[in-house]
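All remarks here apply to the structure that follows.
The values are calculated or read from the model by the stated rules, or taken from the named source; none is laboratory data. In this text the structure is predicted, and so the values were computed from the model without any measurement. A quick note on method: Cβ atoms are made from the backbone with ideal geometry, for glycine too, and the neighbour counts reach across all protein chains shown.
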Amino acid sequence: MRYKCIVAYDGTLFHGFQTQGHLRTVQSEIEQVLLAINKEATMIYPSGRTDAGVHAHGQVFHFDSAIDIPEQNMKNALNTRLPRDIYIKDVVIVDEDFHARFSAIAKEYHYLIDFSERDPLLKNYRYYCPFHHVDIDSFIAAFKLFEGEHDFRSFTKNQQLSDTTRRIFQISAKQENALVTIKIVGNGFMRHMVRILVAMALEVGRNKITFERLKYIMEQKNRFLSPKIVPSSGLYLFAVYYSQEELKQRLKQDN
């Protein structure tokens, strides 16, 4: 029996999603609970990794179990045993050919950046920008450069990848007073990619580089030209999409 799960988590106290020895990770916490439920070691397969401090509203993973448990019962069994900073939002029994990573056609990330004074109660859930002179309109406008299909080698930590071309379907920004939420929907994201894109767009807003310079940096495919990165606290894996219809409906929302 294959189960698809949508999970939300507060990434503050985790060393990322993927199991890392004895460090506390989202994967290790979930697999410990599945060991108790299935009475045997059970590996989960996520749509992708998230780094330390990154949060999720709609991460997806799947696992196989020899035990046939109704979907709602499996959800309850997981949530009653999981720690308070992880919550399973949905459980669905899927076909054996479903794979949380390889069946995905798009992901949506949100980045929250706050230009107001720092609130210690929210510091783990957004990036409080320390720069006082930022043209927010220019900052937001800079993101439009990234829409479409491009080679994003200049904007990823992982320089060992042979293929760094990705397609960004849509980037939108919502401003509420001093809080700006950047929403990015794409067919794939590399390590630190969203955080580097936000940081370099912020450089445009700070008037440290021009829009033309940012375009030049992307064309050069050189990570050394884009050394900036914003903190993980503002990043959220918002959703993972598995059908074209689902993706189309999402993209209509911000048009």
**Request:** Kindly check whether there is at least one residue in segment 202-225 that is at pLDDT 95 or above and within 19 Å of residue 108 (Cα to Cα).
**Result:** no
**Request:** Being among the polar types (S, T, N, Q), touching a residue at least 24 places away in the same chain (Cβ under 8 Å), part of a loop (DSSP other than H, G, I, E, B) and farther than 17 Å from residue 99 by Cβ narrows it down to one of 12, 50, 19, so name that one.
**Result:** 50
**Request:** Kindly indicate the residue of segment 134-146 that is more than 15 Å from residue 180 (Cα to Cα) and either more than 18 Å from the chain's Cα centre (by Cα) or not assigned by TED's automatic domain parsing to the domain that holds residue 217 (or both) and also surrounded by the most Cβ atoms within 10 Å (Cβ to Cβ) among those meeting that condition.
**Result:** 145
**Asked** Between a first residue in segment 99-113 that is farther than 12 Å from residue 58 by Cβ and a second residue that is of a type in the set (Gly, Ala, Ser) and not in a loop (DSSP other than H, G, I, E, B), which pairs have beta carbons less than 6 Å apart while being 6 or more apart in sequence or on different chains?
**Response** 111/234; 112/234; 113/234
**Request:** For segment 39-64, name all the residues that are more than 20 Å from residue 190 (Cβ to Cβ) and crowded, with 17+ Cβ neighbours inside 10 Å.
**Result:** 42, 44, 62, 63
**Asked** Does residue 27 qualify as being among the polar types (S, T, N, Q), outside the structural domain of residue 123 (by TED's automatic domain parsing) and within 17 Å of residue 80 (Cα to Cα)?
**Response** yes
**Request:** Could you tell me whether any residue of segment 26-33 is outside any helix (DSSP H, G or I), farther than 16 Å from residue 62 by Cβ and of a type in the set (D, E, K, R)?
**Result:** no
**Message:** Is it the case, given these coordinates, that residue 81 is among the basic types (Lys, Arg), in contact with a helix residue (DSSP H, G or I) (Cβ under 7 Å, 6 or more places away or on another chain) and at pLDDT 95 or above?
**Reply:** yes
**Complete:** Counting only residues in segment 69-93 that are surrounded by fewer than 16 Cβ atoms within 10 Å (Cβ to Cβ) and β-branched (Val, Ile, Thr), the one nearest to residue 123 (Cα to Cα) is identified as 80
**Request:** Give me a count of the residues in segment 192-230 that are at positive phi and either buried (at least 20 other Cβ atoms within 10 Å of the Cβ) or under 23 Å from the mean Cα position of the chain (by Cα) (or both).
**Result:** 2
**Message:** Can you tell me how many residues within segment 148-191 are within 13 Å of the chain's Cα centre (by Cα) and under 20 Å from residue 138 (Cα atoms)?
**Reply:** 3
**Prompt:** Counting only residues that are among the hydrophobic types (A, V, I, L, M, F, W, C) and in contact with an Asp or Glu (Cβ under 8 Å, 6 or more places away or on another chain), which one in segment 1-16 is farthest from residue 62 (Cα to Cα)?
**Reply:** 13
**Prompt:** Any residue at all in segment 95-104 that is over 30 Å from residue 158 (Cα atoms), over 20 Å from the mean Cα position of the chain (by Cα) and of a type in the set (D, E, K, R)?
**Reply:** yes
**Prompt:** If we scan segment 129-144, do we find a residue that is farther than 18 Å from residue 193 by Cα, touching a strand residue (DSSP E or B) at 6+ places or on another chain (Cβ under 7 Å) and in a loop (DSSP other than H, G, I, E, B)?
**Reply:** yes
**Prompt:** Which of the residues belonging to segment 147-191 are buried (at least 16 other Cβ atoms within 10 Å of the Cβ), touching a residue at least 60 places away in the same chain (Cβ under 8 Å), touching a Phe, Trp or Tyr at 6+ places or on another chain (Cβ under 9 Å) and more than 12 Å from residue 110 (Cα to Cα)?
**Reply:** 152, 154, 155, 156, 187, 189
**Request:** Determine whether residue 45 is touching an Asp or Glu at 6+ places or on another chain (Cβ under 8 Å) and touching a residue at least 40 places away in the same chain (Cβ under 8 Å).
**Result:** no
